[in-house]
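A.B. asks: Have a look at the structure that comes next, please.
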Amino acid sequence: MARLKVGVLISGRGSNLQALIAAGADPAYPAEIVTVISNRPEAQGLARAASAGIPRHVIADPDRAAFAAAANRLLREAQVELVALAGFMRILDPGFVEAWSDRMINIHPSLLPAFPGLHPQRQALAAGVKFSGCTVHFVRVAVDTGPIIAQAAVPVEDDDDEDRLATRILAAEHRLYPLAVRLYAEGRLRIDGNRVAIAGAVAPKIEVLNPAEALADLASDAG
Ligand code: GRF
């Protein structure tokens, strides 16, 4: 089986990169990371790529167009078919985004379109939402927009601070990103305007309430 060739762009810690590396360690997983590109030489994710024996590159050029040209060259050389942004913290050149349209995805730690941009967990706490989560979406020129492929929801707890909420969301990210890449690799995604249909996918038949005690009340009412 030819596996889908994925290029991952990072800027920092690289825990989502690690989740994708772990998924790809299973030969039955339909995608493999063939190159990792960082815009920061100190990104921890580079060491993760090195440990996994994945070619890695740093493009530190602050010029957006120069970064795009260098990244494009590396991605082409590695015959990349899908670009996955994983904690990549630079705005991309619009021409680069257009060139990879429908072949570039991103993960964001909120239930988009809520809380795009910086500090989404802080935004979620400030808004007082009872659920937040993460989103994998196709990348469009406007930041954190683009057709949504998959989402995971997590509860917000009363005593959450930004770090606690981020940690809970991150655990969901590490499950969601490998799932979304697999769905792409299996050719199951069909983009229709802003919506993405997933062949063979079933939405969970659940309704989750927060606070959960509301569920207990409903159950005892029913009994
Ligand atoms: C993640 O929360 C991701 O959703 C966001 O940036 C963070 C990157 O974390 N885009 P890591 O580098 O993958 O650990």
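A.B. asks: Fully extended, how many nm does the chain gain between residue 194 and residue 208 (0.36 nm per residue separation, minus their Cα-Cα distance)? The partial results should precede the final answer.
C.D. replies: Details: separation 14, 0.36 × 14 = 5.04 nm, distance 2.55 nm.
Computed gain between residue 194 and residue 208 is 2.5 nm.
A.B. asks: With a 10 Å cut-off between alpha carbons and a GNM built on the chain, which of 59, 107, 148 moves the most?
C.D. replies: Checking each option, the largest mean-square fluctuation is seen for 59.
A.B. asks: May I pose another question? Report the Rg/Rh value for the chain, based on alpha-carbon coordinates and the Kirkwood definition of Rh.
C.D. replies: That ratio is 1.00, to two decimals.
A.B. asks: Treat every Asp and Glu Cβ in the chain as -1 and every Lys and Arg Cβ as +1, leave all other atoms uncharged, and give the resulting dipole magnitude about the Cα centre to the nearest 20 debye.
C.D. replies: Roughly 920 debye, rounded to the nearest 20.
A.B. asks: Can you compute the FRET efficiency between residue 63 and residue 99 using 1/(1 + (r/R0)^6), with r the Cβ-Cβ distance and R0 = 22 Å? Round to the nearest 0.05.
C.D. replies: It comes to 0.80.
A.B. asks: Which of the listed residues, 198, 187, 118, is farthest toward the dipole's positive end in the range 117-223, when Lys, Arg count +1 and Asp, Glu count -1 at the beta-carbon?
C.D. replies: 187
A.B. asks: How do 15, 51, 132 rank when sorted from fewest to most other Cβ atoms within 10 Å of their own Cβ?
C.D. replies: Arranged by neighbour count, lowest to highest, 15, 51, 132 become 51, 15, 132.
A.B. asks: Now for a separate question. Return the percentage of antiparallel bridges among DSSP beta bridges fully within the chain, rounded to the nearest 5 %. Write down the numbers at each step before the final one.
C.D. replies: On the way: 15 of 32 bridges.
The antiparallel proportion sits near 45 percent.
A.B. asks: A further question on this structure: Sorted by mean Cβ packing within 10 Å, highest first, what order do the peptides 188-195, 41-48 take?
C.D. replies: Peptide ranking by packing, descending: 41-48, 188-195.
A.B. asks: Moving to a separate point now. Please arrange 167, 135, 35 by how many other C-beta atoms lie within 10 Å of their C-beta, fewest to most.
C.D. replies: 167, 35, 135
Bear in mind that the values in this text are calculations on the coordinates, not laboratory data. Computed from a prediction, not measured in an experiment: that's the story for all the values here. Neighbour counts are summed over all protein chains in view; Cβ atoms, including those assigned to glycine, are modelled from backbone coordinates with ideal geometry.
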